[in-house]
Amino acid sequence: MSAHLDALADALAFAGWTCVPRYDEATPLLRVFSPSLPMIGESISVKAGVGGVPWFISSTGDPLRPCHDLRGTCVEVSARLAPLVVDARSPRSGSRRWRDRLFVLTRRRDR
């Protein structure tokens, strides 16, 4: 499992994201975040999918992509995190829209 997360970490680092492995957890995780905003990120794990094919799983439990699709996973992670990073950097980062969006992501993770 950690080999898949290591490969994803390399691909995401190349795309500009900071990655910190958390393999000491019960479920090995890869923490992904913007270097300028470490409080906004995603924790990714690996889980066997249909037919035993390993998939990357988001912190909300959503399947992202099969582990062999590193490029697609990078796009998926960037699509999830980039809008949050952009909103947080905007002058109106205290806006209700950004807070509501962060609340929804946090709430989904708690399920």
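The values are calculated or read from the model by the stated rules, or taken from the named source; none is laboratory data. None of these values were measured; they are calculated from a predicted model. Neighbour counts run over all protein chains shown; Cβ positions are idealised from the backbone, glycine included.
Within the range 3-28, the set of residues being part of a loop (DSSP other than H, G, I, E, B) and closer than 14 Å to residue 72 by Cα comprises 15 only.
Would the range 30-51 turn up any residue that is of a type in the set (D, E, K, R), over 10 Å from the mean Cα position of the chain (by Cα) and at pLDDT 95 or above?
Taking every residue of the range 30-51 in turn, at least one turns out to be of a type in the set (D, E, K, R), over 10 Å from the mean Cα position of the chain (by Cα) and at pLDDT 95 or above.
Could you look through the range 65-111, keep only residues that are in a helix (DSSP H, G or I), under 22 Å from residue 54 (Cα atoms) and in contact with an Asp or Glu (Cβ under 8 Å, 6 or more places away or on another chain), and pick out the one that is modelled with the highest pLDDT? For the range 65-111, the residue satisfying everything is 77. Look at the range 9-38: where a residue is surrounded by 12 or more Cβ atoms within 10 Å (Cβ to Cβ) and a partner is outside any strand (DSSP E or B) and not hydrophobic (A, V, I, L, M, F, W, C), sitting 6+ places away or on another chain with Cβ atoms under 6 Å, you get 18/35; 23/2; 28/2.
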